[in-house]
Structure formats: structure tokens, C-alpha cells
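Below is one structure; the comments refer to it alone.
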Amino acid sequence: MNDSAHVEAFYRHVASGGKVDVGEWMPDDYRTAVRRFVEMHANSELMGVLPEREWILRAPTLKRKLALTAKVQDEVGHAQLLYRVAEDLGKPREAMLADLLAGRTKFHNVFHYPTRSWADVGIIAWLVDAAAIVAQQALRESSYAPYARTMKKICWEESVHIMHGRDVVLTMVNGTSEQRAMVQEALNRWWGPLMQMHGPPTEPAKDRDLAWRIKNKDNDTLRQEFLSTYVPRIREIGLELPDPELRQDPGSGRWHYTEPDWKELYAVVTGHGPKSQERLAFRRLNYEQTRWVRETVLSEPKVAA
Amino acid sequence: MQHAGNLLAPDPELASHYAREFYGRRQESVRLWVVPRAAIRDVDDPDLLQPPLDRSFKKPVGYSAEIKRKLAAARARVAGEQP
């Protein structure tokens, strides 16, 4: 059913804002494009818990420990929801996990970096989640309806994560000068990966995800939105951005900044980040150690003799 | 029993008399406990006394008022540091 008239009608439908739901006909290219997009998102949610998980046992108060545990639970839940959406497009969950663990598929750059202090946890929960939510809010309008619906739930939960992160940062900047210095140092390290997170500018004409409205905003637009909202919020509490070129054009409102290191981004997402291999190794170990649970739950019931 | 205040006295017996003068002269007290300050153990850890078992840590209501207050404090500090 891939005849060109049908395919063209489909692309006109999605390009003009039409939605596609699970079980409806779609061209193979579109199906693959959506599946890859959602798969990388699912991978990122699953791998994204690892930097913060490292701090559950080192949180400074019980409330923070509980909040971090709840956040990690939420993120794994998001991964499950997204693998479910991707599975319906034709790739079994086991295959997606196998590809992730073998390093054949990617997850977002920010989750390949180490955490060095409690301040990192605040910066990640506030600003990394904020950068992610800028993209995810736009995805609520995705042409693929199951993904759009999932994004609405995910965005609501992420908004609480961001509040938690902002509360951690505010608590520290309102504390001692050592705590403020710790936050500034963490921000200095995370700013580079944050600026790379939305990806390099793409040519709209060549971006199929954009043309088919799988995503509705290009990378550059997302980065500009992130900067417009969060640079003022970072500066108003006395923190500095470590980019001397960062400034907003007063007329157009457009942000200028040092061009992010796209080579670093590429190296990191292809598995050469500081923590890429260690975190994938942890996931492999975890997958092996929980094999008995999967086999027990998924096996055929045995009849008692 | 409520915390009424503190006093300075050279010995426990005079401390009792002073306490009656400061906190019982108009029959406003029916009982007084007078203790040396060093004997008081202050337990104020919120994790022990008010653990967040209401799950506020995973709801907006657990953060919104806190953030508002801390943001105001942070802005005030930054404003105070301007030359």
C-alpha cells in the first residue's frame, strides 16, 4: 500500500497538522522515523537516571533523598511508556534494549557526563530537565498521536522535577559562600553540554522529522527558547554564565553565543563520553542480574504434576 | 507546658524564686519547670520530626511556596551586592 499517491496524501496530511494514531496506515519511512525518534527518547530516559541515582545515598536530607528516588522512578516510568510507543511501531522492546546496551543506538549527550558534587544534582534537575522540557512541550503537538499523548503526561511530571532542581539550587545559593561556589562550578561544567543538548542547527528543508511534524520546532529554535527563559533566571540569583559571548540582541531578541562544540557532541553520543561505557556496562550488568525476573514473569505457566 | 523565657541566677534555689517573680507573679502559671540551659537538648531535625510522608516532595505544592520565598531571598541578596 505504498503507492505514491497514498504516500503523498499522507505527507500532506501530517505536514498540515494532521495526526496519525496507532494502527492507522503510515508509509514505512514515516514509521521508521518516528520509531527511531521515540527510541532515542526512551533510551535517554533510561540512561538519564544513572547520574542522579548516584546521589540517592548521598542526599543531604531525607526530603531530598525521597525526591531524588521519586524522580528516578518517574524517569524509568517514562522510559517504559516510550518503549511501549516505539514497540507499537514494529520493534520489540528486547531488540531496543539489546541495541542500546551494545552501543548501536544513542541517548542524549548530557547523560554521558559525570556528577561531581550535590550541586550537579541541582543543576541537572533544574537546567537539564528544563532544556528537555522545552523540546518535550513542542512534542505534545507531534503528528504521531500516541507520542503526543505520552508527552503530555511526561511534561507534567518533568515540571515537578524542575521545581525540585530549582529548589536545590536556590537552597545552595542562599547558603554559604562555599555552597554558592559549588553551584557556580557545577554550572560552569554543565553549560557546554547544555548548549549542545538541542543539537546543531539543521536545514529545515532536509529535516524529515520537522517536515513530517514528528517534531514541530527545529533545534535552533529550541535552544533560543531555553536561553530566553532560563538565562534571566540563572542570572537573577547571582550565578554567571561561563560564555563571554552570550548576549541577547536587544532588537530581535535573538541570543548570540560561542558556537557549541559539535565535535564533542558527536563523540559523546557515539559512546565516547566520560561516563558512556561505565553507564552502559552498569545497564548490561543490571539486565543480566534481572534476567531471572523476566524469565519467570514471561514464561509459560507450568502445570503442576 | 510552654516555654516562658529565661533568667540568670547564681543558684537553683534563687532561680526558682526569680522564675516565680517573672512568670508567676500574677498567678498566670500553675506550674513551673526551671532547668539549667546546659541540661536542655534541642531536637530540631525536620527529617526526624516532620518527615515528608505526605509525599509533598513529588508534588508542586511541596515546592511552590519554598521557591517563591527562596527566590525573593536570592534576589534581595543579589540586589544588596550591587555596587
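No value in this document is a laboratory result; all are computed from the given coordinates. Keep in mind the model is a prediction, meaning the values are calculated, not measured. Every residue, glycine among them, receives a Cβ derived from its backbone with ideal geometry; neighbour counts consider all protein chains shown.
In table form, for the structure just shown:
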{"quantity": "Among (1) touching a residue at least 60 places away in the same chain (Cβ under 8 Å); (2) surrounded by 19 or more Cβ atoms within 10 Å (Cβ to Cβ) - the single one A:ASP29 does not satisfy", "calculated": "(2)"}
{"quantity": "In region B:32-55, the residues that are part of a helix (DSSP H, G or I) and within 8 Å of chain A (Cβ to nearest Cβ)", "calculated": "B:PRO46, B:ASP47"}
{"quantity": "Any hit, region A:122-131, residues being away from chain B (no Cβ under 14 Å), under 25 Å from A:GLY77 (Cβ atoms), surrounded by 23 or more Cβ atoms within 10 Å (Cβ to Cβ) and over 14 Å from the mean Cα position of the chain (by Cα)", "calculated": "yes"}
{"quantity": "Residue match in region A:247-263 (condition: on the phi > 0 side of the Ramachandran plot, in a loop (DSSP other than H, G, I, E, B) and in contact (Cβ under 8 Å) with a residue 40 or more places away in the chain)", "calculated": "no"}
{"quantity": "Residue match in region B:62-81 (condition: more than 24 Å from the chain's Cα centre (by Cα), more than 8 Å from chain A (Cβ to nearest Cβ), of a type in the set (Gly, Ala, Ser) and surrounded by 10 or more Cβ atoms within 10 Å (Cβ to Cβ))", "calculated": "yes"}
{"quantity": "Tally of residues being in a helix (DSSP H, G or I) and either exposed (fewer than 15 other Cβ atoms within 10 Å of the Cβ) or within 14 Å of another protein chain (Cβ to nearest Cβ) (or both) across region A:231-241", "calculated": "4"}
{"quantity": "All positions within region A:167-201 that are assigned to a helix (DSSP H, G or I), within 14 Å of chain B (Cβ to nearest Cβ) and without any contact (Cβ under 8 Å) to a residue 60 or more places away in the chain", "calculated": "A:ASP167, A:THR171, A:MET172, A:SER177, A:ARG180, A:GLN184"}
{"quantity": "Residue ID - nearest to the other protein chains (Cβ to nearest Cβ), chosen from residues in region A:61-73 that are surrounded by 19 or more Cβ atoms within 10 Å (Cβ to Cβ) and in contact with a His (Cβ under 9 Å, 6 or more places away or on another chain)", "calculated": "A:ALA67"}
{"quantity": "Some residue of region A:74-87 being in a loop (DSSP other than H, G, I, E, B) and touching a Pro at 6+ places or on another chain (Cβ under 7 Å)", "calculated": "no"}
